[in-house]
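Participant: Here it is: the structure, laid out below.
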Amino acid sequence: MAHADAAGFVPPPYPYERLDALALVAEAAPGGIVDCSIGTPCDPVPEVARAAAEAALGASMGYPPSAGTPAYREAAAAWIERRFGIEVAPAQVAACVGTKELVGSLPHLLRLRDPSRDTVLYPAVAYPTYEMGATLAGCRAVPVPLDEEWQPRLDAIDEADARRALLLWVNAPGNPTSSVADAARFAAVAAWARRRGVVVASDECYAEFAPQPATILSAGLDGVLAVHSVSKRSNLAGMRAGFYAGDGDLVSYLLETRKHAGLMVPTPVQAAAAAALGDDVHVADQRARYDERRTLVRAGLAEHGLVHDGGPMSFYLWARAAEGDGGWAVAERLARTGLLVSPGDLYGPDGERHVRVALVQPLDRLRLALDRLAVGAPT
Ligand SMILES: Cc1ncc(COP(=O)(O)O)c(C=O)c1O
């Protein structure tokens with residue numbers, strides 16, 4: 001929970017810092033920790049990205065355009081067309097310094113644009129920065145309940161909250177549940193929001209790891225933003241590059257405002273990200289890695305009563321203990337065998353019966369973790 005009261009904002013502990021004690025336990029296991037808690041990629045940087053960053057370092061180094069270089073915006077627009085079959089003009093695409101930065105700052109900028117609204121709606125089990133971005137903007141953060149498939153229940157949103165809403169966040173493929181959306185679901189979200197004058201921001205940073213490509217942009221660009229990242233797609237989380245695309249008026253408001261705030265993606269990073277967005281071969285390799293890990297770990301955990309009951313996206317498993325333990329009890333048990341996972345309540349109270357397993361370790365480490373689980377935790 002974040003705190004904003006008369007005494008001023010006090011930052012809460014960072015979610016993953018709550019895992020420090022469990023990490024110490026896992027580190028003590030023979031063979032060391034297998035860290036599947038944070039979704040930080042472990043796989044190689046694509047060669048095209050490395051070469052482009054190096055070439056850019058050799059060129060002159062003036063300030064980069066805050067909205068993104070023409071090459072970056074064109075590469076992002078071309079990728080949207082290849083991946084989703086949707087044409088978006090490069091002028092309707094702009095850069096962000098990784099999508100966490102955009103998620104954290106969007107409510108603030110939308111509130112400046114429309115001070116008559118003060119509420120951010122976000123999925124009740126979700127990436128914690130949706131709530132934090134609202135808090136940092138001085139907005140009300142209102143969770144939207146999820147159905148049994150971990151999809152937001154638009155019918156459960158109070159109309160009084162909807163009237164005050166600046167923004168509705170959706171996230172598909174979803175962190176932490178791996179749920180996915182199709183065109184019909186996106187169309188329903190866009191229609192709900194348009195009827196109420198609410199902006200939809202659709203965080204699609206795991207889009208490459210869904211069985212079928214899908215984007216909010218298929219519902220038309222009016223009032224919507226799709227948010228994308230090269231962090232997961234191209235193993236470039238350390239580079240910090242993402243982009244947002246959609247409604248022309250919204251994109252230009254945001255890029256003009258962000259320009260004043262000095263938000264810029266460094267030139268070599270833009271070059272690397274543009275090159276990565278132009279290449280799909282490394283993404284196919286990455287998709288195969290996550291698929292293989294998912295199959296292995298899903299089956300291995302199921303043997304120990306930990307059942308994945310999320311969706312088909314391949315980056316995370318969302319496992320529930322069959323015997324009904326809470327997420328912290330499961331995470332503690334796994335940590336004693338050296339496997340570190342995230343208790344589901346890091347993503348909201350409704351996640352408390354689950355753990356999230358990020359498949360960001362190589363197969364040999366995952367096999368080690370499963371072997372140790374089979375032997376059992378020391379008592
Ligand atoms: C749902 C979601 N959105 C956004 C991000 C931020 O990614 P980045 O800032 O690296 O683009 C993450 C990172 O884990 C995420 O899970």
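Participant: What relative contact order, as a whole-number percentage, does the chain give when Cα pairs under 8 Å and 6 or more residues apart are counted? Mind showing how you got there, number by number?
Facilitator: Working: 763 pairs, mean separation 91.2, N = 379.
Relative contact order, the chain: 24 percent.
Participant: If you stretched the chain out fully between Ala329 and Ala191, how much longer would it get, using 0.36 nm times the residue separation minus the C-alpha to C-alpha distance? All intermediate terms of the calculation are to be shown ahead of the outcome.
Facilitator: Details: separation 138, 0.36 × 138 = 49.68 nm, distance 4.09 nm.
Answer, rounded to one decimal: 45.6 nm.
Participant: How large is the Kirkwood hydrodynamic radius of the chain, counting all unique pairs of alpha carbons, in Å? Intermediate values should be presented prior to the final figure.
Facilitator: Details: mean 1/r = 0.0470 Å⁻¹.
Roughly 21.3 Å, rounded to one decimal.
Participant: Residues in the range 279-297 near a label at Leu363, defined as backbone nitrogen under 12 Å from the 7 Å Cα→Cβ point?
Facilitator: Within reach of a label on Leu363, which here means backbone N under 12 Å from a point 7 Å along Cα→Cβ, the range 279-297 contributes 288-297.
Participant: D for the range 165-313, whole µm²/s, Stokes-Einstein with Kirkwood Rh over alpha-carbon pairs at 10 °C and 1.306 mPa s: what number? Could the numbers behind the result be given before it?
Facilitator: Numbers: Rh = 17.0 Å.
The calculation lands on 94 µm²/s.
Participant: Continuing with this model, one more query. What residues of the range 299-327 lie in the reach of a label at Glu148, counting those whose backbone N is under 19 Å from a point 7 Å from the Cα along Cα→Cβ?
Facilitator: 307-312, 318-324
Participant: Same structure again: Run the 1.4 Å probe and let me know the accessible area of Met61, rounded to the nearest 10 Å².
Facilitator: 100
Participant: Rank by packing, highest mean first: peptides 191-204, 219-232, with packing defined as the count of other Cβ atoms within 10 Å averaged across residues.
Facilitator: Values: 191-204: 20.8, 219-232: 22.9.
Result, highest mean Cβ count within 10 Å first: 219-232, 191-204.
Participant: Shifting gears a bit: Any chance you could give the angle, 0 to 90 degrees and rounded to 10, that helix 363-375 forms with the longest Cα principal axis of the chain?
Facilitator: 40
Participant: Roughly how tilted is helix 183-196, in degrees to the nearest 10 and between 0 and 90, from the longest Cα axis of the chain?
Facilitator: Here the helix axis deviates by roughly 50 degrees.
Participant: Measuring from label point to label point, each 7 Å out along Cα→Cβ, what is the Glu81 to Asp158 span in nm?
Facilitator: For the pair Glu81/Asp158, the computed spacing is 4.6 nm.
Participant: Here's a follow-up. Compute the distance in nm between two label points, each set 7 Å from the Cα along the Cα-to-Cβ direction, one at Ile38 and one at Glu352.
Facilitator: With each label placed 7 Å out from Cα toward Cβ, I get 2.7 nm.
Participant: Calculate how steeply helix 267-277 sits against the longest principal axis of the alpha-carbon atoms of the chain, using the helix alpha-carbon long axis, and give the answer as 0 to 90 degrees to the nearest 10.
Facilitator: It is inclined by approximately 70 degrees.
Participant: Which value, in Å² rounded to 10, gives the accessible area of Trp150 with a 1.4 Å probe and all protein chains present?
Facilitator: 40
Participant: Which value in deg cm²/dmol, rounded to the nearest 500, describes the helix-derived mean residue ellipticity at 222 nm for the chain, given -39,500 (n - 2.57) per DSSP H run of n ≥ 4 and division by the residue count?
Facilitator: -12000 deg cm²/dmol
Participant: Please report, as a whole percent, how much of the solvent-accessible surface of the chain comes from carbon and sulfur atoms (probe radius 1.4 Å).
Facilitator: Numbers: 8600 of 15450 Å².
Of all accessible area on the chain, carbon and sulfur atoms account for 56 percent.
Participant: How much of the DSSP bridge set in the range 186-252 is antiparallel, in percent, rounded to the nearest 5? It would help to have the intermediate numbers written out before the result.
Facilitator: On the way: 5 of 9 bridges.
Rounded to the nearest five, the antiparallel share is 55 percent.
Participant: Name the most mobile residue of Asp309, Asp147, Asp35, meaning the one with the largest mean-square fluctuation, in a Gaussian network model of the chain with Cα contacts below 10 Å.
Facilitator: Asp147
Participant: Give me, ordered by chain and number, the residues 5 or more places off Val144 or on other chains with an amide H under 5 Å from its own placed amide H.
Facilitator: Tyr122, Ala124
Participant: Hey, another quick one. Using the Cα centre of the range 81-199 as the reference point, and only Cβ charges (+1 on K/R, -1 on D/E), how large is the resulting charge dipole? Debye, rounded to the nearest 20. Please list the in-between numbers first.
Facilitator: Working: 14 positive and 14 negative charges, 80 e Å.
Using Cβ point charges on Lys, Arg, Asp and Glu, the range 81-199 gives about 380 debye.
The values are calculated or read from the model by the stated rules, or taken from the named source; none is laboratory data. None of the values given here were measured: they were computed from a predicted structure. Cβ coordinates were reconstructed from backbone atoms using ideal geometry, including for glycine residues, and neighbour counts include every protein chain displayed. These accessible areas exclude ligands, DNA and RNA; they are computed on the full protein's heavy atoms, side chains included. Shrake-Rupley method; radii C 1.70, N 1.55, O 1.52, S 1.80 Å.
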